[in-house]
Amino acid sequence: MDALDGNAIAGLLVDVFGAELTTATGVCSTCGAVRPMAELVVYNRAPGTVVRCRTCSSVLMVFVEARGVHCVDLHGLATLDR
C-alpha cells in the first residue's frame, strides 16, 4: 500500500473539523514528535483513512465514514494546535 503525505487529507480535515488544518501542528502521544499535519503519513486505501507518525509509525488518527457520518479516532495525538 502506497503512503501519501498529510496534504492528501486536507479536504477530509475541513469536512470533519471545519477548518484547513494541514499547517496545524500535531504531537505524537507515543514518541512526542511534533509535525505539521501535512508531513504525516496517510494510508487511505483501507476501509477508512489511517494517519501515522512519520517518526515512529504509531497510529495517530483514524477516519471512517459510515452512513454519511464521519467517525474519528484521535487517540494517538497528544495535542493538535492550529
Checklist line | Residues that are out of contact with any Leu (no Cβ under 7 Å at 6 or more places or on another chain), modelled with pLDDT of 95 or more and of a type in the set (Lys, Arg), drawn from region 34-82 | finding: Arg35
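In region 1-42, which residues are β-branched (Val, Ile, Thr) and surrounded by fewer than 16 Cβ atoms within 10 Å (Cβ to Cβ)?
So the first thing to find is which residues in region 1-42 are β-branched (Val, Ile, Thr), and the list is 9, 14, 16, 22-23, 25, 27, 30, 34, 41-42.
Those that are β-branched (Val, Ile, Thr) and surrounded by fewer than 16 Cβ atoms within 10 Å (Cβ to Cβ): Val14, Thr23, Thr25, Thr30, Val34.
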Margin query: Residue pairs, Cβ under 6 Å, 6 or more apart or interchain, first in region 65-82 and under 28 Å from Cys31 (Cα atoms) and in contact (Cβ under 8 Å) with a residue 12 or more places away in the chain, second hydroxyl-bearing (Ser, Thr, Tyr) and not in a loop (DSSP other than H, G, I, E, B). List them.
Written below: Asp81/Thr25
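So which strands (runs of 3 or more DSSP E) stay within region 7-82 end to end and still have 1 or more residues that are of a type in the set (S, T, N, Q)? Steps first, please.
Working: elements: 25-28, 34-36, 41-43, 49-52, 59-66, 69-73, 77-81.
Because the criterion is at least 1 residues that are of a type in the set (S, T, N, Q), the strands (runs of 3 or more DSSP E) in region 7-82 that meet it are 25-28, 49-52, 77-81.
Quick one: which residue in Arg45, Arg54 is open to solvent by 80 Å² or more (accessible area, probe 1.4 Å), in contact with a Lys or Arg (Cβ under 8 Å, 6 or more places away or on another chain) and free of Cβ contacts under 8 Å to residues at least 60 places away in the same chain? Show your work before the answer.
Working: Arg45 fails: in contact with a Lys or Arg (Cβ under 8 Å, 6 or more places away or on another chain).
Just a single option satisfies the conditions, and that option is Arg54.
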Checklist line | Matching entry among Glu20, Glu39 (being over 11 Å from the mean Cα position of the chain (by Cα) and of a type outside the set (A, V, I, L, M, F, W, C)) | finding: Glu20
Notebook entry, point to check: Can you name every residue in region 57-66 that is under 17 Å from Ala78 (Cα atoms) and surrounded by fewer than 20 Cβ atoms within 10 Å (Cβ to Cβ)?
Noted result: Ser57, Ser58, Val59, Val62
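The values are calculated or read from the model by the stated rules, or taken from the named source; none is laboratory data. It should be emphasised that the depicted structure is a prediction, and the values quoted were computed from it without experimental measurement. We place every Cβ from the backbone using ideal geometry, glycine too, and count neighbours over all the protein chains shown. Side chains are part of the model used for accessible areas, which takes the heavy atoms of the whole protein and leaves out ligands, DNA and RNA. Shrake-Rupley method; radii C 1.70, N 1.55, O 1.52, S 1.80 Å.
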